[in-house]
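A quick write-up on the structure given underneath.
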Amino acid sequence: MALRAGRGAGLRRAALGRPGFVALACALYLAVGLAAMWPATKHFGTHFAARAEVIHGEASVGDHLQAVYHLWLVGHQLEHGHAPWLDPYTFRPESSPRVNFGGWPFGLPYWPLWAAFGPVAGWNVLLLLTYLAAGGLAYLWLRELGLPGGAALAGGLAFELAPYRVAQSAGHLRGMIAVLLPLALWAYERSRRGSRWWLALAAAAVASIPFSDLHLALGAVPFFLFYVLCRARDPWAVLGAAAGVALAVGAALLVGRLAISGSIASGGRSLNEVAFYSADGLDFLTRHRRHGQESFVFVGWLTPLLALVGLAAVLRARRFGLALALAVGVLVPTLLALGTHFPFYSTLWHHFSPLRYPRVPEREFPVACLAIAALVGFAAAWLGRRLAFVTVVLLAALFADLRLGVTAYRVARADSHNAAYAALQGPGRLLELPVLHPSVNHGSLYLYYDMQARRQRPGGYSTLAPKRAANLALRLEPLNCGEWRPGAEELLSHLGVRYLAFHSGLFSPGNGWFAWRALNAHDWGELARGGGIATLAPGRAPSPPPVREPTSRVVFCPEWVGRSPRYRHGAFWIRGSGRLDVRLESDAPDRTTITVDGASRSVRVVEPSRLSVPLGRGRWHLVRVDVVRADRRVRLVSIRTTRG
């Protein structure tokens, strides 16, 4: 039958000839890619195609900025004769140059695209080409499995437009990296009927996955091995595939040794974090994001039904090994995507240590997307075995099922030529304000602007940041609110910081005004301004703040959870005169000291307590709060000023 012989109806290659059909397939996949990237395609050359948050006066922030930075570094390093796998700028001097695993392998094609089109259009073109690669490589793999051209075209379309893959392409590299899996499967299938050198390509593809996406590799690499075992007849093919898996394991160990060990993620993630990102049953059927980007695992309404038809067709053709591989490829990642909603996930988490590191259990879901797409291809072959127009109808229906009502992209402002950053001249490290913990995704904005600054920075954005860099961020965080603690100036000098970049759109409400005034008071003045960004250097004249004075009476600094200090020290600003009167409560006895304008008062908070401290001159007063035990949750129930 058609599923065995590879000669079915549908859009036959013979209808246009092989070159014509290939051109048709490429045109279809490119057109579908442009449709998936809408509305960003309207501003293809000036704005990033990404899902991003608008920041006033700056580039829109999202994980796409981190991805662009990692890809850009590869070509930037090569142009200057340096190691393309190193990041010489981030977390300096607290860390030696870090390995830029995220730049492999797509940093290589991005290099000429960046040179030809710039960072923005270069990213958009690369993104569009990965849509072509997703559909095209899935198509080639399915052709090797014996599907007719039209059916393989449908399967490629299902993988290209898989909503999870599309959503993960709108910022993360995961949508791009996922195309390496059909490449590996296609190369393996080619090796079964041709040169064994195809196994080298399969091994390279599967071994590349852990470098840019270790979490996806947890699903993709075992699936590749299981697929080979289900399909292999030649022991040499099994050995070749096993060598590729061994290389992938080695790559994963290398990432663990050089990136994870000693990082803020070295202890793994908690089950509570996993629960926060876990999908539930409705997420597989809902076209909008019910609770965040990561748990968006919509698979379509028609597509899963076609996958069931495809599985039945494969079983009917007695291709039991292939049916088993594809069924497992769908089932296992789908169950894992449920996270803590899957009854056995907790058991797996406790007994399989690699599973303790991803906080997002859906990371392996691209494997299910590819397996579903393959089954859709088999369904298309079975349904269209007699009538060619059925395949055309299926292509249209798949597009509607996976695209309508599903939005992944926005038009993201680029700000690729910022005047404030262009004014940075001469040596010296750069510190961005507000100082952000390395795990805060807004830090990707700083990575992006460093493509213009090209200088070392104590900060950065990475969930695998060194612990020393994270601790340094906590020490520098009070600057965000205008609190220069003892030793702050010496610390900046020790770090070699000669410039500051003030991002007014990232400050907590009210904090930026105090931060700017304190910078002026410590001899930092404005160098240049571009949009919502200002750069500062020491020894320059004071200038008006780029943000407005707060209108509220009390402004808390970042180190607070509600009205409780997150750490043993916290601060806030209050406007008024006379005396500061504070009522306090706590979960357990805790000594609390309040200091303002040089005067201090202390009380052991056992039951509701009150502290009164005289205020000095001036409209605004910085109030420092110190506790002995932050875990006892001292709360400032009321804060007011009184005369007298």
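We did not get these values from a lab; they are worked out from the coordinates using the rules stated. These numbers come from a predicted model, not from an experiment. FYI the Cβ positions are ideal-geometry reconstructions off the backbone, even for glycines, and counts take in every protein chain you see.
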Note to self: Can you compute the helix-only [θ] at 222 nm over the chain? Use -39500 (n - 2.57) per DSSP H run of at least 4 residues, normalise by all residues, nearest 500 deg cm²/dmol.
What the structure shows: -14500 deg cm²/dmol
Notebook entry, point to check: Taking +1 at the Cβ of each Lys and Arg and -1 at the Cβ of each Asp and Glu, which of Ala252, Leu113, Cys369 sits farthest along the dipole of the range 104-410 towards its positive end, judged by Cα position relative to the Cα centre?
Noted result: Cys369
Note to self: Quick check: the angle from helix 149-160's long axis to the longest principal axis of the chain, C-alpha only, nearest 10 degrees?
What the structure shows: 10
Margin query: Please give the charge dipole size of the chain, origin at the Cα centre, charges +1 on K and R Cβ atoms and -1 on D and E Cβ atoms. Round to the nearest 20 debye.
Written below: 700
Notebook entry, point to check: Mean separation of Cα pairs under 8 Å and 6+ residues apart, divided by the residue count of the chain: what relative contact order is that in percent?
Noted result: 15
Margin query: Taking the number of other C-beta atoms within 10 Å as the exposure measure, put Arg233, Arg413 in order starting with the fewest.
Written below: Arg233, Arg413
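Show me the ranking of peptides 70-80, 541-551 by mean Cβ neighbours inside 10 Å, starting with the highest. Write out the running numbers ahead of the final one.
Values: 70-80: 20.3, 541-551: 13.6.
For the peptides 70-80, 541-551, the packing ranking is 70-80, 541-551.
Normalising by the residue count of the range 419-538, find the relative contact order in percent from Cα pairs under 8 Å and 6+ residues apart.
Values: 188 pairs, mean separation 41.3, N = 120.
Once normalised by length, the contact order is 34 percent.
What ranking of Cys26, Cys557, Cys230 emerges when the number of other C-beta atoms within 10 Å of each C-beta is taken as an exposure proxy, fewest first? Write out the running numbers ahead of the final one.
Values: Cys26 14, Cys557 26, Cys230 17.
In increasing order of surrounding Cβ atoms, one gets Cys26, Cys230, Cys557.
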Notebook entry, point to check: Where the only charges are on Cβ atoms (+1 Lys, Arg; -1 Asp, Glu), what is the dipole of the range 419-538 about its Cα centre, to the nearest 20 debye?
Noted result: 300
Notebook entry, point to check: Pairing the Cα long axis of helix 467-476 with the longest principal axis of the chain, what angle in degrees results, from 0 to 90 and rounded to the nearest 10?
Noted result: 40
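Can you give me the relative contact order of the range 554-642 as a percent, contacts being Cα pairs under 8 Å and 6 or more apart? If you can, show how the numbers build up before the last one.
Working: 229 pairs, mean separation 35.4, N = 89.
It rounds to 40 percent for the range 554-642.
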Check: Using the count of nearby Cβ atoms within 10 Å as a rough guide to exposure, how do Arg385, Arg553 rank from fewest to most?
Finding: Arg553, Arg385
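Which order do peptides 159-169, 288-298 fall in by mean Cβ count within 10 Å, highest first?
Details: 159-169: 26.8, 288-298: 18.0.
Sorting 159-169, 288-298 by mean packing, highest first, produces 159-169, 288-298.
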Check: Does anyone have the angle between helix 320-337 and the longest principal axis of the chain? Alpha-carbon axes, 0 to 90°, nearest 10?
Finding: 20
Notebook entry, point to check: In whole Å and largest first, what semi-axes does the C-alpha gyration tensor of the chain yield when each eigenvalue is scaled by 5 and square-rooted?
Noted result: 53, 26, 22
Next item on the list: If a cysteine in the chain has no other Cys Cβ under 4.7 Å from its own Cβ, put it on the list, ordered by number.
Entry: Cys26, Cys230, Cys369
